[in-house]
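The values are calculated or read from the model by the stated rules, or taken from the named source; none is laboratory data. Predicted model only: the values in this text are computed from it and were never measured. Because the Cβ atoms are built from the backbone with ideal geometry, glycine has one as well, and the counts that use them run over all protein chains shown. All accessible areas refer to the heavy atoms of the entire protein, side chains included, with ligands and DNA or RNA removed. Shrake-Rupley method; radii C 1.70, N 1.55, O 1.52, S 1.80 Å.
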Amino acid sequence: MNREYYGIIVGLGTLFFLLSFKFITLLGVCILSFFVAKELKDVLGSKTAVFLAPFITLLSLYNITYGFLAIFLVVFLELLTTKDLDSFYKSFFMLTFSTALPEYIYKVKTLGNHYILGLLLGVWILDTVSYYVGKNFGKHKLAPEISPNKTIEGFIGGSLSCIIFNIFYFGFSKGLIIGIAVSLVGVFGDLFKSLIKRQYNVKDFSNVFGPHGGFLDRFDALMFSSLVFYTINAPR
């Protein structure tokens, strides 16, 4: 099965979880949290049990302070038993990354389907246009030491298309802010993910989605973008 077919399947599955009832979206966020934690655990060599991630995500949705206290408690108890400070750092990062970011996808969902669909389409447009513009017209590397395949042309093409979409979807003022924020944070999330992979010498975090890699490979931009998207649109 080629990249396009995998992309369609992943896309339809994502739409199902995000546009269904809230409890379905919450289930999807918990699944995402679990697999992101698992992929980071496998790559980083963390000792923390991955099944804790969805529960901490739910706790963070109830109260983010309680979520971070739970993370500190888990990694502190791990440090007491292992006496391994390096493992402590890895476990803290693993749990924070896999719980603090996915929860904002659900928070965007609580704003309404209009918002979660706008976020999702904006991220998809950013990723898709960046990929094809970079593949066909990219000549100047964006960050060659981190992600050799990323190009400045791809970044510009993806960002402009994302901004234009958001302006049409949300109106000029709000759409411009959202489009710029999603573009910048989305590419940051992608480079951050690539930096981890380069550091640990892995091509993809897993192969669950075939040529699209794993959950973290596929949903990194959505997770990072959901945080700024919710911050911009959250009720005051």
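One table, with the values for the structure above:
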{"read-out": "Reach of Lys22 by Cα under 13 Å, taken over aspartates and glutamates that are not fewer than 8 positions away in the same chain", "value": "Glu103"}
{"read-out": "Mean residue ellipticity (222 nm) of the chain, computed from DSSP H runs ≥ 4 via -39,500 (n - 2.57), nearest 500", "value": "-27000 deg cm²/dmol"}
{"read-out": "For segment 109-228, size of Cβ-based charge dipole, Lys and Arg +1, Asp and Glu -1, in debye", "value": "80"}
{"read-out": "Cα-based Rg and Dmax for segment 70-118, where Dmax is the largest Cα-Cα distance (Å)", "value": "15.7, 48"}
{"read-out": "The chain: DSSP helices with Cα axial extent of at least 24 Å and average Kyte-Doolittle hydropathy no lower than 1.0", "value": "22-44, 64-82, 152-170, 172-199"}
{"read-out": "Relative contact order of segment 64-204, pairs being alpha-carbon contacts under 8 Å that are 6 or more residues apart, as %", "value": "16"}
{"read-out": "Heavy-atom accessible surface of the chain: percent carbon and sulfur, 1.4 Å", "value": "70"}
{"read-out": "Residue order for Ser161, Ser225 - accessible surface, 1.4 angstrom probe, largest first", "value": "Ser161, Ser225"}
{"read-out": "Relative contact order of the chain, defined on C-alpha pairs under 8 angstrom at six or more residues apart (%)", "value": "20"}
{"read-out": "Accessible area in square angstrom per residue, segment 140-210, 1.4 angstrom probe", "value": "55"}
{"read-out": "Candidate aspartates and glutamates for bridging to Lys47, where Cα separation is under 20 Å - those fewer than 8 sequence places away on the same chain excluded", "value": "Glu39, Glu78, Asp84, Asp86"}
{"read-out": "Under-16-angstrom lysine pairs by C-alpha in segment 89-233, whenever the two are 8 or more apart or on separate chains", "value": "9"}
{"read-out": "Listed residues Ile152, Phe219, Val50: farthest to the positive end of the dipole of the chain (Cβ charges)", "value": "Ile152"}
{"read-out": "Total charge dipole magnitude, the chain, about the Cα centre, Cβ charges on Lys, Arg, Asp, Glu only, Debye to nearest 20", "value": "180"}
{"read-out": "Tail fraction, Cα-Cα pairs, segment 1-55, threshold 16 Å, whole percent", "value": "55"}
